[in-house]
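One structure is given below, encoded as structure tokens.
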Protein chains: 2
Amino acid sequence: MKLTILKHQLNEAIQHVSKAISSRTTIPILNGVKIDATHQGVTLTASDTDISIQCFVPLEENGLQIIQIMKIGSVVLPAKFFIEIIRKLPAEEIEIELLQNFQTIIRSGSSEIQMVGLDAEEYPLLPVIEQNKTISMASDLLKAMIKQTAFAVSTTETTPILTGVLWSLADQKLKLIACDRHRLATRETNMDVSTDQQFNNIVISGKTLNELNKILPDQNSLVDIVVADNQILFRMQKILFYSRILDGTYPDTTKLIPQTFQTELTVNARNFTDSIDRAYLLSREDKTNIVKMIMHEDETIEISSSSSELGKVTETIETTHISGDLLKISFNSKYMLDALKVLDTEFIKLSFTGAMSPIIIQPDEGISLLQLILPYRTTN
Amino acid sequence: MKLTILKHQLNEAIQHVSKAISSRTTIPILNGVKIDATHQGVTLTASDTDISIQCFVPLEENGLQIIQIMKIGSVVLPAKFFIEIIRKLPAEEIEIELLQNFQTIIRSGSSEIQMVGLDAEEYPLLPVIEQNKTISMASDLLKAMIKQTAFAVSTTETTPILTGVLWSLADQKLKLIACDRHRLATRETNMDVSTDQQFNNIVISGKTLNELNKILPDQNSLVDIVVADNQILFRMQKILFYSRILDGTYPDTTKLIPQTFQTELTVNARNFTDSIDRAYLLSREDKTNIVKMIMHEDETIEISSSSSELGKVTETIETTHISGDLLKISFNSKYMLDALKVLDTEFIKLSFTGAMSPIIIQPDEGISLLQLILPYRTTN
């Protein structure tokens with residue numbers, strides 16, 4: 001292998017695949033990043049067994065020559081050092097040359113770096129995924145759906161399946177659900193697929209989806225999603241992102257969401273969020289996060305929290321309207337803030353079926369997004 | 001106490017005094033911030049016994065009314081919660097009212113916060129400092145001098161006096177020295193004081209000076225420095241910053257700095273720093289930080305580091321000139337980078353008295369700044 005490549009483009013590719021490098025891997029070769037040079041361009045691969053990311057750099061782009069291949073070949077280089085040194089090289093052009101025994105020389109300006117490489121043949125193969133279950137969607141929509149659900153996965157390993165987000169495709173609708181026993185987040189969207197295209201019980205680690213979200217482009221480009229037995233592939237323009245599908249059956253959460261409500265109210269999202277945030281500050285000091293909400297006849301709500309040591313926060317907010325029974329209800333203000341943060345609308349709708357039943361938080365119109373949090377049972 | 005105050009100005013004052021709030025204090029009242037309202041304005045005070053900071057907010061500034069005092073008085077409020085909640089209050093105007101038993105009500109827009117306060121009478125008094133040893137200097141110069149020395153203090157507590165920076169004033173010169181047995185940083189400046197004004201063995205914690213640097217204004221305003229027996233006061237326009245002076249006698253470091261040199265070279269600071277930085281990346285992976293420098297006949301220097309596991313970095317840099325013996329010398333690249341970072345000139349001068357003697361790093365001209373690092377004794 002011998003080639004020259006532009007620093008900026010190599011760096012960009014490195015940044016993408018670096019999301020799959022774990023510092024805790026027990027497989028030594030996975031501490032490396034694999035470099036494949038062909039007559040088409042250079043491909044970088046990194047993997048921590050849960051996630052594998054491959055990024056392709058073409059020979060040229062928009063008339064700019066990025067790579068010159070003198071000799072094709074492959075090598076695995078120590079990832080952490082490779083990533084850092086490439087970023088700091090002095091010249092715009094970088095030469096990479098593979099010598100005997102996987103020794104690799106990197107030259108740039110007045111710098112010469114010799115790296116101890118490993119045999120690319122020993123690098124694990126990426127999963128082979130059949131293309132028969134592909135769906136395509138806009139990158140920014142996928143990004144939003146992940147953001148609106150993945151925060152609500154369980155962070156404890158007691159029920160591993162709950163650390164993932166459930167994906168299902170049926171009736172031309174893609175639905176994501178995350179749930180950690182105290183709260184649930186779900187988002188649905190219409191898909192332009194044939195009616196018989198469907199999958200269910202595809203559960204992907206919340207952590208993995210957060211990594212995917214860092215790579216997904218913001219602009220409206222298409223992402224292909226290919227589902228196989230135990231792997232899912234997200235295919236972007238130059239990036240392949242593979243993730244393991246979690247083992248196990250995701251619990252049925254449909255019964256958790258009430259279908260009829262005793263009380264509904266609409267409120268300005270910003271005012272409500274800011275008030276909860278101030279009450280949260282105090283509740284957090286007491287380590288309980290308990291905040292109380294009282295609905296009044298005059299269509300205002302009172303948000304409060306108190307701590308014997310520090311004091312009390314009381315907030316009064318006007319609602320757009322309240323219908324049904326006026327409730328007193330207590331909840332975890334951190335969970336409420338998490339749910340509110342991803343709503344991104346001017347007004348939100350809160351729905352209740354009593355002080356001991358789930359609270360439903362939704363945008364007052366528009367997208368099919370539902371956040372549920374369980375209330376606290378308090379003595380007052 | 002009853003007053004209204006503008007949020008922005010209160011917040012700014014809080015940010016300044018918050019640097020003196022420790023989360024580890026064993027004196028409960030120091031978890032609080034003291035508020036004094038007089039007919040002149042509002043004073044905030046915070047202290048962790050090592051540092052005490054007082055910030056004054058006047059009734060009005062540049063024609064803008066900031067504070068309205070309805071009733072003077074004092075109270076101590078829980079600092080962490082007070083700091084966070086003030087920043088998040090909904091309205092620009094904040095009302096603070098002291099009730100019975102140090103209960104304090106804070107009102108802003110639709111928010112009402114009740115805080116459990118403490119008796120201001122029980123808050124420790126600030127040190128009384130005689131004004132007879134005042135010196136004045138430009139804030140930005142003081143800031144630069146601290147930045148150029150404080151990084152080199154010892155971080156281990158084995159010799160507590162070395163965790164501080166030594167200040168001395170003699171012959172109309174102010175000199176700062178920091179030293180941690182492996183390196184030394186010193187900066188001197190001329191002062192417009194009378195010839196008999198002097199002090200010595202004033203040692204101030206490096207940590208404290210870093211906190212002071214966050215508060216010192218960037219623009220060229222004057223700071224008064226008042227030295228007392230065991231306290232030093234930095235007086236800015238609205239802020240008083242008190243620090244304890246460390247106990248003990250600072251060791252004599254004058255003999256550490258060679259007076260004559262066998263070798264001197266001048267090099268572009270940016271090129272040299274970048275090369276050391278790349279060599280450092282590799283040396284850090286081996287946890288040694290050892291980088292080797294070899295001077296060549298053709299007035300180039302070779303910077304290199306190597307690791308049996310990862311490989312080798314070799315850098316070749318042109319110098320402006322080398323005079324004297326050509327040396328091979330090894331040093332801690334992290335210490336070298338720290339020293340280079342505060343030099344801030346286009347060219348730097350390196351001076352040597354042999355491969356086993358201290359390396360002196362200085363700007364090639366201008367300010368009186370000297371960095372010293374000890375070399376490594378290596379086998380090759």
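Out of the total accessible area of the protein assembly as shown (probe 1.4 Å, heavy atoms of protein only), what percent is carbon and sulfur? Carbon and sulfur atoms account for 47 percent of the accessible area of the protein assembly as shown. For region A:88-114, a drop of 50 Å² or more in accessible area on going from the chain alone to the assembled protein chains (1.4 Å probe) is found at A:LYS88, A:SER110, A:GLN114. Relative to the longest principal axis of the Cα atoms of chain A, helix A:206-215 runs at roughly 60 degrees. The simple spin-label model puts a point 7 Å past each Cα toward its Cβ; for B:THR254 and B:LYS207 those points are separated by 3.2 nm. Based on every Cα atom in region B:257-376, Rg and the maximum pairwise Cα distance Dmax equal 13.3, 43 Å.
Each other copy places its own label point for B:SER357 at 8.7 nm from this one, sorted shortest first, where the point lies 7 Å along the Cα-to-beta carbon line. Taking 7 Å steps out from each Cα toward its Cβ at B:ASP50 and A:ILE105 produces label points 5.1 nm apart. By the gyration tensor of its Cα atoms, with a ≥ b ≥ c the square roots of the eigenvalues, what is the shape of the protein assembly as shown: rounded for a/c under 1.5, prolate for a/b over b/c, or oblate? The shape class here is oblate.
Residues of region B:69-84 buried by at least 50 Å² of accessible area upon assembly of all protein chains, compared with the chain on its own (1.4 Å probe): B:PHE81, B:GLU84. Placing +1 on the Cβ of every Lys and Arg and -1 on the Cβ of every Asp and Glu, with nothing else charged, gives the protein assembly as shown a dipole about its Cα centre of roughly 1220 debye. Longer than 28 Å from Cα to Cα, which of A:LYS71/B:LYS312; A:LYS88/A:LYS147; A:LYS207/A:LYS287; A:LYS143/A:LYS349; A:LYS2/B:LYS287 are they? Say none if no pair is. Over 28 Å Cα-Cα: A:LYS88/A:LYS147; A:LYS2/B:LYS287. Accessible surface for the protein assembly as shown, divided over its residues, is 47 Å² per residue with a 1.4 Å probe. Of all the options A:PRO251, A:PRO358, A:PRO127, the one that moves most in a Gaussian network model of chain A with Cα springs shorter than 10 angstrom is A:PRO251. Between chain B and chain A, roughly 2600 Å² of accessible surface gets buried, counting both sides and using a 1.4 Å probe.
Taking the label point 7 Å along Cα→Cβ, A:THR156 and its counterparts in the other copies are spaced 4.2 nm apart, in ascending order. Take chain B, connect every pair of alpha-carbon atoms lying under 10 Å apart with a spring to form a Gaussian network, then pick out the residue of B:ASP140, B:ASP252, B:ASP218 with the largest mean-square fluctuation. Fluctuation is largest for B:ASP252. By the helix-only formula, in which each DSSP H run with n ≥ 4 contributes -39500 (n - 2.57) and the sum is divided by residues, chain A has a 222 nm mean residue ellipticity of -5500 deg cm²/dmol.
Considering only chain B, the C-beta nearest to the rotation axis that sends B to A is found at B:SER23, 15, the distance in whole Å. Position A:LEU99: other-copy label points at 7.9 nm, ordered by increasing distance, label point 7 Å along Cα→C-beta.
The accessible-area loss of region B:309-333 on complex formation, taken against its chain alone with a 1.4 Å probe, reaches 50 Å² or more at B:LEU310, B:LYS312.
The values are calculated or read from the model by the stated rules, or taken from the named source; none is laboratory data. Everything quoted here is computed from the prediction, not taken from an experiment. All Cβ positions, even for glycine, are placed from backbone atoms using ideal geometry, and neighbour counts span all protein chains on display. Side chains are part of the model used for accessible areas, which takes the heavy atoms of the whole protein and leaves out ligands, DNA and RNA. Shrake-Rupley method; radii C 1.70, N 1.55, O 1.52, S 1.80 Å.
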